[in-house]
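Undergrad: Here it is, the structure in full.
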Amino acid sequence: MESLLPLCLFAFVSSITPGPNNIMLTSSGIRFGFVRCIPHMLGVVCGFGVMLALCALGIDSLIVAMPALHIVLKTIGSTYLIYLAWQLRSMAFSQSEGDSGRPMSFIGATLFQFANPKAWVMAVTGASAFLPPMQPAWFAIAVFCLVFSVINLPCIGIWAGTGAMLRRYLTQAKWQRLFCAIMIALTLYSALAIWS
């Protein structure tokens, strides 16, 4: 069981640090509140869990062997992040339940993981360096995915919860503009960091 400690530490550090999912969940928490972000969070965990399993089964070798596929994933991910930054430029924080927008759906968040470069880096690194040395192999993969998912959910929940807590402080236009500028900068940085 001591072999799970490095996996737990890696899962925590990679899940709690900023990235596309956490930036989107913070924005969504501000805009819609924590409860409406739950399908988005569950979609992240589900999609990422599938990605972890695929990487543990060896799909990461295919991605490394096919640079064109890697470029396609980077392009999709960075394009989506630029689109999000464009949407954030006019983000209005509504305190009412009748906010005209909608948070990302479970299916949308699940599918986004496959275009999320940080998720790929986490999954490939995790599968290659932290897969528990257990037998049979399917059990090791199941433990790997379960441990990562159990740690990932509260980490991304902190980002959505932080957004929900900030919601009450962002009622003034000047704070909304400042927050939007910060989130746009972080989102664009994430889009550019994909290519570094």
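Undergrad: Among the candidates Phe148, Phe112, Phe106, single out the residue that is within 12 Å of the chain's Cα centre (by Cα) and under 25 Å from Phe34 (Cβ atoms).
TA: So the residue among Phe148, Phe112, Phe106 that is within 12 Å of the chain's Cα centre (by Cα) and under 25 Å from Phe34 (Cβ atoms) is Phe112.
Undergrad: Of the residues that make up region 113-129, is at least one surrounded by fewer than 19 Cβ atoms within 10 Å (Cβ to Cβ), touching a residue at least 24 places away in the same chain (Cβ under 8 Å) and more than 27 Å from Leu5 (Cβ to Cβ)?
TA: Yes, because at least one residue in region 113-129 is surrounded by fewer than 19 Cβ atoms within 10 Å (Cβ to Cβ), touching a residue at least 24 places away in the same chain (Cβ under 8 Å) and more than 27 Å from Leu5 (Cβ to Cβ).
Undergrad: How about region 130-157: which of its residues are part of a helix (DSSP H, G or I) and either loosely packed, with under 15 Cβ neighbours inside 10 Å or polar (S, T, N, Q) (or both)?
TA: Within region 130-157, Ala137, Trp138, Phe139, Leu146, Ser149, Val150, Asn152, Pro154 meet the criteria.
Undergrad: Mind listing whichever residues of region 69-126 are among the small types (Gly, Ala, Ser) and either part of a helix (DSSP H, G or I) or at pLDDT 75 or above (or both)?
TA: Gly77, Ser78, Ala85, Ser105, Gly108, Ala109, Ala115, Ala119, Ala123, Gly126
Listed here are the residues, each with its yes/no results for (1) within 26 Å of Leu54 (Cβ to Cβ); (2) among the hydroxyl-bearing types (Ser, Thr, Tyr).
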site: Ala127; (1), (2): yes, no
site: Phe139; (1), (2): yes, no
site: Leu146; (1), (2): yes, no
site: Ile151; (1), (2): yes, no
site: Ala160; (1), (2): yes, no
site: Leu170; (1), (2): no, no
site: Ala173; (1), (2): no, no
site: Leu186; (1), (2): no, no
site: Ser190; (1), (2): yes, yes
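The values are calculated or read from the model by the stated rules, or taken from the named source; none is laboratory data. As the structure is a prediction and not an experimental result, all values here were calculated from the model. Note that we place each Cβ from the backbone using ideal geometry, even for glycine, and neighbour counts take in every protein chain shown.
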